[in-house]
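Notes for the one structure printed next.
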Amino acid sequence: MSTIDMLKFEKAGWEQSYRRIAGVDEVGRGCLFGDVVAAAVILPEGLIIDGVDDSKKLTAKKRDALYEIIMEQALAVCVGHVESTVIDEINIKQASRLAMKKAVEGLAHTPDYLLIDAEKIDVPQPQQAIIKGDANSQSIAAASIVAKVTRDRLCEGLWEELYPGYGIKIHKGYATKLHREQIMSLGPTPLHRRSFIGRILAEQQTLF
């Protein structure tokens, strides 16, 4: 994907006189454990950051390097978290939207237009939902990198320290074989999403 393509949605916004375009994305939607984390990023008009792409396509080292550049060069960055208890209450789709809303509302500069990865959020700004936005818009890709690095650091740091027996730093809360086995042997933690692991526990029980 060339850089020109990565800015086509931003350019369309700039042509309509939008000057503070925020890219918005979330990470952790499919996890069994921990917060869903969203980021909103406003990059300066015309800025190109080489290598920015869908965070899932990048190595951890590359994501970390790009994270530093984004944090340094962005006009504004904000991260929104929604924890597992709320995910269980309102469902993951609504929780993802809420995390995105928090990220947008927490920006130091109010955006005048939003580019969002395949979602609509409940804020007054005009917005465009872009399928595979993190692979097609630099702003959304930047948000995906910030969200992913933020969540991974929680997995490798605080959450691993709180619950050392679950391998959180390895699988980042996703439903790997190791993770499912540890839930079965140790039981769920307060940060596990009950609405997600109920299915796994039920599946596991039918195997015995």
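The values are calculated or read from the model by the stated rules, or taken from the named source; none is laboratory data. The structure presented is a predicted model; accordingly, all values stated were derived computationally and were not measured. Cβ sites come from the backbone with ideal geometry, for glycine too, and all protein chains shown count toward neighbours. Surface areas here come from the heavy atoms of the whole protein model, side chains and all, with no ligands, DNA or RNA. Shrake-Rupley method; radii C 1.70, N 1.55, O 1.52, S 1.80 Å.
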Query raised in the report: Does segment 107-117 contain at least one residue that is out of contact with any Ser or Thr (no Cβ under 8 Å at 6 or more places or on another chain), assigned to a loop (DSSP other than H, G, I, E, B), among the β-branched types (Val, Ile, Thr) and without any contact (Cβ under 8 Å) to a residue 24 or more places away in the chain?
Result: no
Query raised in the report: Counting just the residues of segment 155-200 that are of a type in the set (A, V, I, L, M), surrounded by 15 or more Cβ atoms within 10 Å (Cβ to Cβ) and under 19 Å from the mean Cα position of the chain (by Cα), which one comes out farthest from residue 32 (Cα to Cα)?
Result: 168
Requested in this report: Take segment 1-44 and flag every residue that is at pLDDT 95 or above, surrounded by fewer than 21 Cβ atoms within 10 Å (Cβ to Cβ) and of a type in the set (Asp, Glu).
Outcome: 15
Query - Matching residues, segment 48-82, being within 23 Å of residue 112 (Cα to Cα), over 17 Å from the mean Cα position of the chain (by Cα) and open to solvent by 70 Å² or more (accessible area, probe 1.4 Å) - result: 48, 72, 73, 75
Report task. Among what's in segment 83-102 and is in contact with a His (Cβ under 9 Å, 6 or more places away or on another chain) and closer than 13 Å to residue 38 by Cβ, pick the residue that is most open to solvent (accessible area, probe 1.4 Å). Result -> 102
